[in-house]
Protein chains: 2
Amino acid sequence: MRILGISGSLRRDSYNTKLLREAGRLLPPGAELVEFDGLKAVAPYDADDEASPVPPRGVFELRAAIAEADAILIATPEYNHSIPGVLKNAIDWASRPKAEAALKNKPVAVIGTSAGMFGAVWAQAETRKALAGAGARVIDRELPVASADEQFHPLDGRLVDEDLQTELGGILHELVAEVQPALQRAS
Amino acid sequence: MRILGISGSLRRDSYNTKLLREAGRLLPPGAELVEFDGLKAVAPYDADDEASPVPPRGVFELRAAIAEADAILIATPEYNHSIPGVLKNAIDWASRPKAEAALKNKPVAVIGTSAGMFGAVWAQAETRKALAGAGARVIDRELPVASADEQFHPLDGRLVDEDLQTELGGILHELVAEVQPALQRAS
């Protein structure tokens with residue numbers, strides 16, 4: 001089973017990318033996390049470009065990576081109390097065209113971390129809302145990881161807090177469990 | 001007085017761009033609307049690029065246009081129940097660096113139209129929330145224009161519904177009234 005990990009932060013040393021990697025270590029046997037590294041290349045969404053026979057820069061790669069994955073795991077920071085524009089732009093492209101959207105019926109879970117006290121909880125909520133609007137099967141849980149700079153072990157990158165590890169493991173369990181019915185519907 | 005108009009839709013025949021132009025016609029004497037046409041050129045926000053001595057593609061132009069305007073008027077469509085990624089990405093850049101952000105203390109009003117029944121009301125709410133997070137002085141009103149394809153006169157592009165014209169005029173009045181105190185604080 002292939003889980004596509006998308007970090008909403010493009011920063012090289014992003015805490016959300018660290019959180020995705022920790023999720024990769026906590027996945028049950030048989031499931032693997034593959035990181036999507038093409039977010040920065042995705043063109044700005046323009047409805048006029050949708051009709052173009054050649055998809056705009058980065059859009060084909062984004063849609064193909066989502067289509068090839070059994071499920072998606074998004075880790076998002078919070079910018080200005082909401083979802084990063086970069087991440088929302090990718091959701092906008094992956095939601096079109098509506099009938100054959102890459103996100104349609106795709107199981108997705110959302111987690112997130114931020115330097116502040118609230119762990120990107122608003123960004124996670126808005127991401128879930130947008131994904132539901134795009135027709136994804138959204139796991140109705142969140143993992144707000146506050147004080148990002150204190151949460152990851154400097155040597156191995158593991159989450160220091162075992163309760164957070166357990167919580168994240170539970171979300172991943174639900175995500176993986178959601179894949180089987182989705183595969184059955186597709187067959 | 002210079003109002004910078006930003007359409008959250010990049011589409012050439014965008015209804016939100018039409019709505020901005022109608023706002024330009026309803027502005028009080030002495031105020032003019034200037035359309036920002038650089039949204040598509042703005043690079044994806046990457047915190048690593050913030051430190052670069054050369055600002056990423058389109059970011060200097062965006063910040064300068066906001067800085068030179070006395071107020072901002074945003075007209076936004078709704079994508080997947082929320083703000084377009086392209087528009088949010090611009091807000092993310094214009095909110096950084098925090099202390100000297102272009103949006104800080106800038107008077108901003110948000111309006112919007114969509115083809116559906118709700119007139120982009122969720123997108124407008126999320127845009128106001130993000131702008132407030134960026135430190136802008138956000139006018140606490142919205143203009144949800146539903147059924148966008150029926151609202152604009154095919155010949156002159158005017159809003160057909162006079163009540164909507166009046167409502168929009170009221171929002172512009174509040175925006176213009178907000179500029180004077182902002183100018184006084186700046187002096």
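The values are calculated or read from the model by the stated rules, or taken from the named source; none is laboratory data. Keep in mind that what you see is a predicted model, and the values were worked out from it rather than measured. Please note: Cβ atoms are built from the backbone with ideal geometry, for glycine as well, and neighbour counts cover all protein chains shown. For the accessible areas, the whole protein counts, side chains as well, though only heavy atoms, and no ligand, DNA or RNA atoms are used. Shrake-Rupley method; radii C 1.70, N 1.55, O 1.52, S 1.80 Å.
Data for the structure
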{"quantity": "Considering residues of segment A:78-111 that are of a type in the set (Asp, Glu) and more than 18 Å from residue A:41 (Cβ to Cβ) only, the residue nearest to the other protein chains (Cβ to nearest Cβ)", "calculated": "A:78"}
{"quantity": "Segment B:112-127: number of residues that are closer than 20 Å to residue A:128 by Cβ and more than 10 Å from chain A (Cβ to nearest Cβ)", "calculated": "6"}
{"quantity": "Unmet criterion (only one of (1) under 11 Å from the mean Cα position of the chain (by Cα); (2) under 28 Å from residue A:131 (Cβ atoms); (3) of a type in the set (Asp, Glu)) for residue B:35", "calculated": "(2)"}
{"quantity": "Segment A:21-35, subset of a type outside the set (A, V, I, L, M, F, W, C) and more than 16 Å from residue A:171 (Cα to Cα), residue surrounded by the most Cβ atoms within 10 Å (Cβ to Cβ)", "calculated": "A:35"}
{"quantity": "Pair list, Cβ under 6 Å, 6 or more apart: segment A:38-56 residue closer than 30 Å to residue A:12 by Cβ and at the interface with chain B (Cβ under 7 Å from one of its Cβ atoms), other residue open to solvent by 20 Å² or more (accessible area, probe 1.4 Å) and of a type in the set (Lys, Arg)", "calculated": "A:44/B:40"}
{"quantity": "Subset tally (residues that are open to solvent by 20 Å² or more (accessible area, probe 1.4 Å) and either over 18 Å from residue B:124 (Cβ atoms) or in a loop (DSSP other than H, G, I, E, B) (or both)) for segment B:1-20", "calculated": "6"}
{"quantity": "Residue under evaluation residue A:129, criteria (1) closer than 19 Å to residue B:86 by Cα; (2) charged (D, E, K, R); (3) touching a residue at least 24 places away in the same chain (Cβ under 8 Å), criterion not met", "calculated": "(3)"}
{"quantity": "All positions within segment B:69-108 that are closer than 21 Å to residue B:121 by Cβ and without any contact (Cβ under 8 Å) to a residue 24 or more places away in the chain", "calculated": "B:80, B:85"}
{"quantity": "Residue satisfying all of: in segment B:21-37; hydrophobic (A, V, I, L, M, F, W, C) and assigned to a helix (DSSP H, G or I); nearest to the other protein chains (Cβ to nearest Cβ) among these", "calculated": "B:23"}
{"quantity": "Helices (runs of 4 or more DSSP H) contained in segment A:48-152 and holding at least 2 residues open to solvent by 30 Å² or more (accessible area, probe 1.4 Å)", "calculated": "A:59-68, A:121-133"}
{"quantity": "Tally, over segment B:153-170, of residues that are buried (at least 19 other Cβ atoms within 10 Å of the Cβ) and either β-branched (Val, Ile, Thr) or within 14 Å of another protein chain (Cβ to nearest Cβ) (or both)", "calculated": "0"}
{"quantity": "Residues of segment B:57-68 that turn out to be within 14 Å of chain A (Cβ to nearest Cβ) and not β-branched (Val, Ile, Thr), as a count", "calculated": "3"}
